[in-house]
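Comments concern the structure below.
The values are calculated or read from the model by the stated rules, or taken from the named source; none is laboratory data. In this text, all values refer to a predicted model and were calculated from it rather than measured experimentally. Cβ placement follows ideal geometry from the backbone for every residue including glycine, while neighbour counts extend to all protein chains displayed. Note: accessible area is taken over every heavy atom of the protein model, side chains too, but ligands, DNA and RNA are not part of it. Shrake-Rupley method; radii C 1.70, N 1.55, O 1.52, S 1.80 Å.
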Amino acid sequence: PEWITPRSKCKLNMAAPDEKKIPIFTVDAFTDKPYAGNPAAVCLLEDVDLTNKQQQKIAAEMNLSETAYLRRLHADDNFSSSSTFGLRWFTPTNEVALCGHATLASAAALFYMMKNPSPQLTFQTLSGDLFAKREGDFISLDLPENTTQPQDKEAYSQLLKTVIGDLPIQDLHVSLTAKKLVVRLKDGATRQTLESLRPDTAAMLAAHTQNVIRGVIVTLKGSPENGCVDNQGVTYDFISRYFAPWNGIPEDPVTGSAHTVLASYWAKELGKTEFYARQCSTRGGDLKVRLRGDGRVDVAGKATVVLQGAIRI
């Protein structure tokens, strides 16, 4: 309105002096370029404890696939020098037990913005202790492996129809621990085939209501012939996309937790334990993945901070 002068506008927008704020960052994970990879919000809970409801409301407000909450474990801890923190992740609709890209984003916020010198960070989470360490320009995450088992195609025939239509399937597996379905396209498919998929997420929700799975990974074996190469001509071992409407995420751009499943699956199929992978969403991202053989998976990627500020609570 005309009666609001520029100065009064500023006053109206100012927070009350006693209003609490928390530091927040937006970090693009699994990329070294802004506005690519998978964005996550990272909140530092310094002198405040947020309720589950508050954390969920902030995650809904941020409306990214995940919002991470880092908390100090002891009164004398601080984000600039301590090496062990609590970590939780919320999608816009619910809390999740594991999120790789938001863990990478959390480590990047501590390493790059808080200038934390620790060579390795430990995060206490619903999935146990997770670890993040610097590896040159990469941050490597130490995550739990999620094994897979073969699955009858008929059990998910309707869901498969909504995700990939009539495309032929090479293999179908499920990870019960991660609640993820792994759909491997026939080796004759191409990268373009995978990238052109447009699943009906509402139909996906209707096709599976049993809560056995919370996400669908569609994957393809890489080769130069099917277009699975990076900008330098290096061949990806496999590529994938990930759809999780059950968690309020139609498609996740780059998913660290999905690669704890894919590493377990592709190790058996390719007879190797180190992989160069690409998640082929519109934003996309590259990952280095290693199945260690001790029930853990190393998932490494780059990250860039694109936004820094404070959020009112």
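A quarter of the convex hull surface defined by the alpha-carbon atoms of the stretch 189-313 gives 10.6 nm² as the mean projection.
Label the stretch 251-313 by shape, choosing from rounded, prolate and oblate, from the square roots a ≥ b ≥ c of the eigenvalues of the Cα gyration tensor; if a/c is under 1.5 it is rounded, and otherwise prolate applies when a/b is larger than b/c, oblate when it is not. Prolate is the answer for the stretch 251-313, as a/c is 1.5 or above and a/b outweighs b/c. Extending 7 Å from the Cα toward the beta-carbon at both LYS153 and LEU126 defines two label points whose distance is 3.4 nm.
Beta bridges from DSSP with both residues in the chain: antiparallel share about 80 percent, rounded to the nearest 5. Overall, the accessible surface of the stretch 127-271 at a probe of 1.4 angstrom is composed of carbon and sulfur to the extent of 47 percent. 3J(HN,Hα) couplings calculated from phi for the stretch 29-42 with the Karplus curve 6.51 cos²θ - 1.76 cosθ + 1.60 (θ = phi - 60°) are, in sequence order, 9, 6, 7, 10, 10, x, 6, 10, x, 10, x, 9, 8, 10 Hz; Gly and Pro show x. Residues whose amide H comes within less than 5 Å of that of GLU145, counting only those at least five positions distant or on another chain, are ARG296, VAL297 (H built at 1.01 Å from N in the peptide plane). Solvent-accessible surface of the stretch 117-213, averaged per residue with a 1.4 angstrom probe and all protein chains in place: 50 square angstrom.
Each DSSP beta bridge with both residues in the stretch 15-146 is either parallel or antiparallel, and the antiparallel ones are about 75%. This structure gives P(r) over Cα pairs in 20 Å bins from 0, in percent, computed directly, and of (1) 33, 60, 7, 0; (2) 25, 54, 21, 1; (3) 33, 54, 13, 1 that value is listed as (3). Per residue, the accessible area of the stretch 26-86 comes to 46 Å², computed with a 1.4 Å probe over protein heavy atoms only. The alpha carbon centroids of the stretch 200-271 and the stretch 54-71 are separated by 24 Å. Suppose we look only past 22 Å in the calculated P(r) of the stretch 75-206. What percent of the Cα-Cα pairs does that tail hold? Taking all Cα-Cα pairs of the stretch 75-206, the fraction more than 22 Å apart is 55 percent.
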